[in-house]
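Step one of this worksheet: look at the structure below.
Nothing in this text is a laboratory measurement; each read-out follows from the coordinates by a stated rule. All figures in this text were calculated on a predicted structure; none of them were measured in a lab. All Cβ positions, even for glycine, are placed from backbone atoms using ideal geometry, and neighbour counts span all protein chains on display.
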Amino acid sequence: MFCTPLSDFLNQHFQQNNLSGSLKETLSAIINACVAISAKTRQGALSGVLGEAGSGNIQGENQKKLDVIANDILINALRQTPMVAGIASEEEDTFVETNEHGKYLVLFDPLDGSSNIDVNISVGTIFSVLKKPSSGSLKLDDFLQNGRNQVAAGYVLYGVQTQLVFTVGQGVFGFTLNDNNQFILTKNDFRLPESTAEFAINMSNQRHWESPMQNYIAELLAGKDGVRGKNYNMRWVASMVAEVHRILTRGGVFLYPFDYRDPNKPGKLRLMYEANPMSLLIEQAGGASSNAHQNILDIQPTGLHQRVAVVLGAKEEVARVNLLHNP
């Protein structure tokens with residue numbers, strides 16, 4: 001049933017949609033690096049990649065060994081890709097200039113959900129590709145483009161299977177890594193139902209949320225006897241890449257709202273490395289995204305490590321959250 005290798009798919013898809021060969025080269029470099037990361041995650045304790053690295057990132061978070069390994073694999077691969085002008089990673093203080101004459105900027109979270117590594121729950125790599133907007137030496141402002149400027153976005157999920165999901169602006173496609181380390185097309189077009197009865201949120205933070213979010217979750221918990229008129233199920237993996245993959249596969253809504261624990265931070269998730277690429281995927285699959293006030297893809301970034309509140313998935317649920325926050 002499934003026999004189309006990624007390389008053949010890319011050749012055909014890029015030709016049909018008149019897309020740049022240099023973008024295909026950039027995307028291939030990211031994916032090849034993720035295949036190497038997948039090999040490391042599969043071996044776990046056998047290759048000594050579990051546990052703490054004994055270092056912290058720019059976010060002030062403790063790094064896992066595999067965080068550092070994945071980050072190094074991606075940076076080394078992209079440094080050798082002539083079409084890549086610069087790199088920004090969630091794990092790095094600032095951007096890295098790689099090739100002054102390159103056309104693209106690659107931003108990534110090398111290992112989303114890394115707190116799950118040691119307990120063998122799904123983790124993944126999230127990536128975003130932008131065009132370099134100016135010539136000459138790379139500047140911070142070159143990266144600070146809103147999410148609608150992304151020319152490619154996706155993730156690789158290291159779970160029961162290693163799966164690649166990406167978009168270049170003409171639909172969302174899924175691939176599964178086979179025994180020969182080759183990605184094979186297994187999902188030709190992800191489509192997200194407009195309505196759902198499944199939500200994903202960390203309920204332990206409920207007491208810290210704003211009242212509109214409290215009210216929204218109360219509606220869902222009230223079930224068929226409440227204003228929504230149906231029962232909802234809750235899921236929570238604590239790995240955004242796994243949550244989004246489930247939503248793309250069977251529907252749902254994912255929420256990581258603003259809370260009052262640190263009022264100076266409008267959210268926990270990173271706009272450039274997580275929210276933007278995942279929002280583009282969700283929108284391309286027929287869903288919606290928001291920070292509870294505006295579409296995430298329309299937010300103008302002010303910094304590489306900017307944080308945002310995130311609501312994404314079924315259009316009906318995102319619209320309801322927006323309405324409660326903006327009556």
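Some notes on this structure:
- Only aspartates and glutamates eight or more places from Lys139 in sequence, or on another chain, were considered; those with a Cα closer than 13 Å are Glu97, Glu100.
- Among the helices of the chain, those built from whole DSSP H runs whose Cα atoms reach 20 Å or more along their own axis and whose mean Kyte-Doolittle hydropathy is at least -1.0 are 21-43, 65-79.
- Over 22 Å apart at the Cα level, from the set Lys40/Lys65; Lys131/Lys268; Lys24/Lys103; Lys132/Lys268, are Lys131/Lys268; Lys132/Lys268.
- Cut-off of 10 Å, at most 15 other beta carbons, DSSP loop: longest stretch of the chain lacking such trypsin sites (Lys or Arg not before Pro): 1-138
- Anisotropy class of segment 94-203 from Cα gyration tensor, a/c 1.5 cut: prolate
- Residues Ser128, Ser137 arranged by fewest to most Cβ contacts within 10 Å: Ser137, Ser128
- Beta bridges from DSSP with both residues in segment 198-325: antiparallel share about 65 percent, rounded to the nearest 5.
- Put in line by how crowded their Cβ is, counting other Cβ atoms within 10 Å and starting with the fewest, Asp142, Asp109, Asp8, Asp118 read Asp8, Asp118, Asp142, Asp109.
- Within straight-line reach of Lys230, meaning a Cα separation under 25 Å, sit the following lysines at least 8 residues removed in sequence or on another chain: Lys315.
- Overall shape: oblate for segment 174-327, with the ratio a/c of the largest to smallest alpha carbon gyration tensor axis at 1.5 or above and b/c at least equal to a/b.
- The charge dipole of the chain, taken about the Cα centre with unit charges on the Cβ atoms of Lys, Arg (+1) and Asp, Glu (-1), comes to about 520 debye, rounded to the nearest 20.
- Panel order for Ser7, Ser211, Ser239, by other beta carbons found within 10 Å of each beta carbon, from fewest to most: Ser211, Ser7, Ser239.
- Shape call, segment 6-187: gyration tensor on alpha carbons, a/c limit 1.5: oblate
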